[in-house]
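The values are calculated or read from the model by the stated rules, or taken from the named source; none is laboratory data. All figures in this text were calculated on a predicted structure; none of them were measured in a lab. Cβ atoms come from the backbone with ideal geometry, glycine included; neighbour counts cover every protein chain shown.
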Amino acid sequence: MPRPIRCRRIQHMPSATYFKPAGVRMIDLQEIVLNVDEYEAVRLVDLEEVEQLKAAESMKISQPTFSRLLKSGRKKIAEALVKGKAIKIQGGNFKMVNSMRKGLGRRFISGGRGRMGGTAEGPGGICKCPNCGHEEKQIRGEPCVNKKCPKCGKKMGRN
Ligand SMILES: [Zn+2]
């Protein structure tokens, strides 16, 4: 009987799950599937610079297993870059865990490199009314100050 695969703990789901090279026709496009556990291994080591041993611990898997995930994840990403393939992130054996930061509020989570930090100036921001606190999604390319609060009519600002 095959050994059951332990679920790997994932702290972050990818913010985008499909990457496609520009200028490649769909019909010619080859796709690489990057599993979520491979994605997490690469994220921890290559982006967050966590030591492999600690990263393996945080995913609740052995170091050799982690090492294999990291290697296959890196290889897939490299292959996509070199050969101009699309990357689809999906599947894998994993389980979302509550990160320790959960519950501390958005502002705290952002801490400079989170979602808020990264997107504050870009599209997808939040406009907030300084008068009544009404919030709404910013329309791409449209500054918040051009918008009036639908509740009280004051000029909106950046959250
Ligand atoms: Zn308002």
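Considering only residues that are among the basic types (Lys, Arg) and surrounded by 15 or more Cβ atoms within 10 Å (Cβ to Cβ), look in segment 69-94 and name the one that is nearest to ASN35 (Cα to Cα). Outline the logic, then answer.
Step one: filter segment 69-94 for residues among the basic types (Lys, Arg), giving 71, 74-76, 83, 85, 88.
Those still in the list that are surrounded by 15 or more Cβ atoms within 10 Å (Cβ to Cβ) too: 74, 76, 85, 88.
Working: ARG74: 11, LYS76: 10, LYS85: 15, LYS88: 8 Å.
Filtering segment 69-94 for residues that are among the basic types (Lys, Arg) and surrounded by 15 or more Cβ atoms within 10 Å (Cβ to Cβ), the one nearest to ASN35 (Cα to Cα) comes out as LYS88.
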**Request:** Could you tell me whether any residue of segment 21-32 is modelled with pLDDT of 90 or more and under 15 Å from the mean Cα position of the chain (by Cα)?
**Result:** no
**Message:** If I ask for residues that are touching a residue at least 40 places away in the same chain (Cβ under 8 Å) and small (Gly, Ala, Ser), which ones from segment 56-76 would you list?
**Reply:** SER58
**Request:** Mind checking which strands (runs of 3 or more DSSP E) fall wholly inside segment 54-159 and carry at least 1 residues that are modelled with pLDDT of 85 or more and either closer than 28 Å to GLN11 by Cβ or in the same structural domain as LEU44 (by TED's automatic domain parsing) (or both)?
**Result:** 86-89, 126-128, 135-137
